Amino acid sequence: MTGVPYDREAVQKSLREKISRAAAKAIAEDDVWSKHNIQSIPAERVVRHRYNPETRQFAKDETIVKIEKKPFTHGAMRHCFRMKKLATPPQSSSNHRFHSYGWSRASNYVAKCYMKRGHIDTSPEGIDAVLTDITLQYEAMHWAEKFNKTDAPKKIDFIRAYAMEFVDRPGKPMFAVERFIAGSDSYGNGFLKHNTNSGFVDLEEHRKTPQIFSAYSFYASEGKRLVA
């Protein structure tokens, strides 16, 4: 039996379009974070670190963001902050008027940082941990592409992530940043953990694709990787 040839570009385009539509829908609708009044927060200059999996190097560019001072949630090791970033920053992010540019319609992001003794970890180890997280996100995308080539009925994709260095803050703290996607999926779920690298496996939704993908990454990498 001959399967349908895998078209990497077509699959990637379809997945990107779905994410783009979800993001566009969120922007077109009322901002789910409007009550937090993030647009009134002073803007900050940051350096964005974008990982290139082909060269295995980080490229840098400068942009501006607005981020809350207090986290809205946290895990065992990281704190999470609401953040907004303009799609296209002003020509000069050092322009003193950049705090007033169309922030009410700016895209929503979640920024995560490692904590150490109650403060953001700005040590070399803490910064390296953030860059490692970004690298692993792109490696997970690599295994998702290989999984999609198997003609699995459900495809896997990962939201792009970046590292953002707050260069005007003491210690130049580094945050891992990714788009915030509001709403629910076709099953009525919002954000849902299907499994974790600590051994948790969801037993309520019984979704097969996430578990199969995790197993695939382990066996396809000959036990060197497991994406959860």
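Please work out which residue is nearest to THR132 (Cα to Cα), limiting yourself to segment 165-177 and to residues that are assigned to a loop (DSSP other than H, G, I, E, B) and open to solvent by 10 Å² or more (accessible area, probe 1.4 Å).
That would be LYS172.
Within the bounds of segment 182-200, is there any residue that is in contact with a Phe, Trp or Tyr (Cβ under 8 Å, 6 or more places away or on another chain), open to solvent by less than 50 Å² (accessible area, probe 1.4 Å) and in contact (Cβ under 8 Å) with a residue 60 or more places away in the chain?
If we filter segment 182-200 for residues that are in contact with a Phe, Trp or Tyr (Cβ under 8 Å, 6 or more places away or on another chain), which is where we start, we get 193.
From what is left, the residues that are open to solvent by less than 50 Å² (accessible area, probe 1.4 Å) are none.
No, segment 182-200 has no match at all.
Looking at segment 128-142, can you tell me whether even one residue there is among the acidic types (Asp, Glu) and in contact with a strand residue (DSSP E or B) (Cβ under 6 Å, 6 or more places away or on another chain)?
Scanning segment 128-142, I find at least one residue that is among the acidic types (Asp, Glu) and in contact with a strand residue (DSSP E or B) (Cβ under 6 Å, 6 or more places away or on another chain), so the answer is yes.
Kindly provide the set of residues from segment 120-159 that are without any contact (Cβ under 8 Å) to a residue 24 or more places away in the chain, open to solvent by 40 Å² or more (accessible area, probe 1.4 Å) and assigned to a helix (DSSP H, G or I), ordered by number.
PRO124, GLU125, ASP128, THR132, LEU136
Here are some conditions: (1) touching an Asp or Glu at 6+ places or on another chain (Cβ under 8 Å); (2) open to solvent by 40 Å² or more (accessible area, probe 1.4 Å). LYS224 meets all but one. Which one does it not meet?
Here LYS224 meets the rest and fails (1).
In this structure, does TYR162 turn out to be in contact with a His (Cβ under 7 Å, 6 or more places away or on another chain), touching a residue at least 12 places away in the same chain (Cβ under 8 Å) and either part of a loop (DSSP other than H, G, I, E, B) or of a type outside the set (D, E, K, R) (or both)?
Taking the combined requirement at face value, the residue satisfies it.
Out of all the residues in segment 207-215, is one or more open to solvent by 70 Å² or more (accessible area, probe 1.4 Å), in a loop (DSSP other than H, G, I, E, B) and at pLDDT 80 or above?
No, that holds for no residue.
Would you check which residues across segment 62-82 are within 15 Å of PHE166 (Cβ to Cβ), open to solvent by 40 Å² or more (accessible area, probe 1.4 Å) and of a type outside the set (Lys, Arg) and list them?
GLU62, PRO71, HIS79
The values are calculated or read from the model by the stated rules, or taken from the named source; none is laboratory data. Treat the numbers as computed from the prediction; the structure is a model and nothing was measured. Note that we place each Cβ from the backbone using ideal geometry, even for glycine, and neighbour counts take in every protein chain shown. We work out accessible area using only protein heavy atoms, side chains counted, and drop any ligands, DNA or RNA first. Shrake-Rupley method; radii C 1.70, N 1.55, O 1.52, S 1.80 Å.
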